[in-house]
């Protein structure tokens, strides 16, 4: 009865009007993250409360956007998160903020659902970022196609990015049809570019002058005339149920450091909402585990810290003993590699890992796997995604394979051995709280 009352009350919450803008582009690498971060930083520095969301399963861009805005950044995805939960997250943000910004993923019309689908579904105007590097009058043709391809999407205008000179800017701006709104033009600024490595942007705490770069980026955004508040959007409450306290009285220890950092804030929130006590530990620095009933080893960059991880024999032994005493372990991507027998980096250097799972992880210098998949676990289906640049050899027989939305080929293998569940898949816990609770109980 208590849950039903709370559920009904949420339906009755009044709508909220809040300025909002959705950043899309023709493709990845156009500068969406940089521009979104710059606008967020500018308004934050003006004293506004800015909430930023990232479309799709991304761990790295949100860290930059969080540093820029000063607020947590949550993922939005109509498939992975679900329409009702996306609606509720936006509504809660609108209740607490002065401005909402959403960064899209890949190209505006890429994927099913796409960024355009989300912008249209929630009625949020779109700013289309186009990288003008190595381009002149063709810019206008791309702008025309992007703005007219789907008339049902509300287009706020175009942002011209990476302009090399005043002459280049003049050519670009002259090419844009008169009926298309140019929101602003940004010159190229290598000194404030956000550095990258494989899998995405370098995390903000690894960039010594990150706050200076973001402040300077905010200034550049202001100079480009991109600081006007967008039009207000109506946000309504979602109809999302309140989680059951399946994990009440349980403690879950989560690996979190430079090697393991791919953690959805929504996942941690769900664990807490289900009653769990959450403790963090570092496989790099710590020599013992916190007292816990279950471990979660998320993804990250173990290949960048493999010597330290391998050399921390006390932590490896602590995890082995935890397993031997029947503790549940969920290992995702990098966490799974940590549990295997060995990990070989891109230079061919092999080190020993924990050895609780058969298998050897090998870093590739290119290629890899990414994309949305459903994890058909024996305990139930969980929505997930893959993003890695390693392969595994000598593994055990999987209990299942991930299911791709539109491709018949098997997805990532899923392993369950004793009290361990492991896969390359990064699970989105709120997509099936009952199953997630079962993995930790």
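Bear in mind that the values in this text are calculations on the coordinates, not laboratory data. On a predicted model such as this, the values are computed, not experimentally measured, just so you know. Note that we place each Cβ from the backbone using ideal geometry, even for glycine, and neighbour counts take in every protein chain shown.
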So, in Å, what gap is there between the alpha-carbon centers of the stretch 325-352 and the stretch 96-127?
36 Å
Quick one: if you stick a label point 7 Å off each Cα along the C-beta vector at residue 389 and residue 138, how many nm between them?
2.7 nm
Protection-proxy order for peptides 60-68, 163-171, 114-122, 334-342, each taking the mean of Cβ atoms within 10 Å per residue, highest first
334-342, 60-68, 114-122, 163-171
Would you calculate the separation in nanometres between label points at residue 409 and residue 98, each defined as 7 Å from the Cα along the Cα-to-beta-carbon direction?
4.9 nm
Relative contact order of the chain, defined on C-alpha pairs under 8 angstrom at six or more residues apart (%):
14 percent
Per residue, the convex hull volume that the Cα atoms of the stretch 348-402 enclose (Å³):
98 Å³
So, with points 7 Å from each Cα along the Cβ direction, the residue 351-residue 17 label distance in nm works out to 5.7 nm
Expected output is a single nm value to one decimal: the length gained when fully extending between residue 173 and residue 121, i.e. 0.36 nm times separation in residues minus the C-alpha distance. What is it?
15.7 nm
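Hey, fewest Cβ within 10 Å first, where do 323, 426 land in order?
On the way: 323 19, 426 26.
The fewest-first ordering by Cβ neighbours comes to 323, 426.
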Tell me the angle of helix 138-148 to the major Cα principal axis of the chain, expressed in degrees between 0 and 90 and rounded to the nearest ten.
70 degrees
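Sorted by mean Cβ packing within 10 Å, highest first, what order do the peptides 36-43, 71-78 take? Each step should come with its number before you reach the end.
Details: 36-43: 26.8, 71-78: 21.0.
Listed from highest to lowest mean packing, they are 36-43, 71-78.
Can you tell me the FRET efficiency between residue 314 and residue 279 if r is taken as the Cβ-Cβ distance and R0 is 22 Å, rounded to the nearest 0.05?
Numbers: r = 18 Å, r/R0 = 0.80.
Step by step, r from the Cβ atoms, then E = 0.80.
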Nearest-ten-degree value, helix 313-324 long axis tilted from longest Cα axis of the chain:
70 degrees
Return one number: the angle in degrees, 0 to 90 and rounded to the nearest 10, between the long axis of the Cα atoms of helix 166-175 and the longest principal axis of the Cα atoms of the chain.
80 degrees
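Which length gain, in nm to one decimal place, applies between residue 149 and residue 240 when the Cα-Cα distance is subtracted from 0.36 nm times their residue separation? Write down the numbers at each step before the final one.
On the way: separation 91, 0.36 × 91 = 32.76 nm, distance 3.31 nm.
Here the answer is 29.5 nm.
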For each of 22, 262, count neighbouring Cβ atoms within 10 Å of the residue's Cβ, then give the residues from fewest to most.
262, 22
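Quote the FRET efficiency, to the nearest 0.05, computed for residue 286 versus residue 231 with a Förster distance R0 of 60 Å and r equal to the Cβ-Cβ distance.
Working: r = 49 Å, r/R0 = 0.82.
Efficiency, rounded to the nearest 0.05: 0.75.
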Using a 10 Å cut-off around each Cβ, can you sort 189, 291 from fewest to most neighbouring Cβ atoms?
291, 189
Bridge orientation stat for the stretch 14-235 from DSSP, antiparallel percent rounded to 5, came to 20 percent
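When the helix-only estimate is applied to the chain (DSSP H runs of n ≥ 4, each -39,500 (n - 2.57), divided by the residue count), what is the mean residue ellipticity at 222 nm, nearest 500 deg cm²/dmol? Mind showing how you got there, number by number?
On the way: 13 runs with 132 residues, N = 441.
Per the formula, -9000 deg cm²/dmol.
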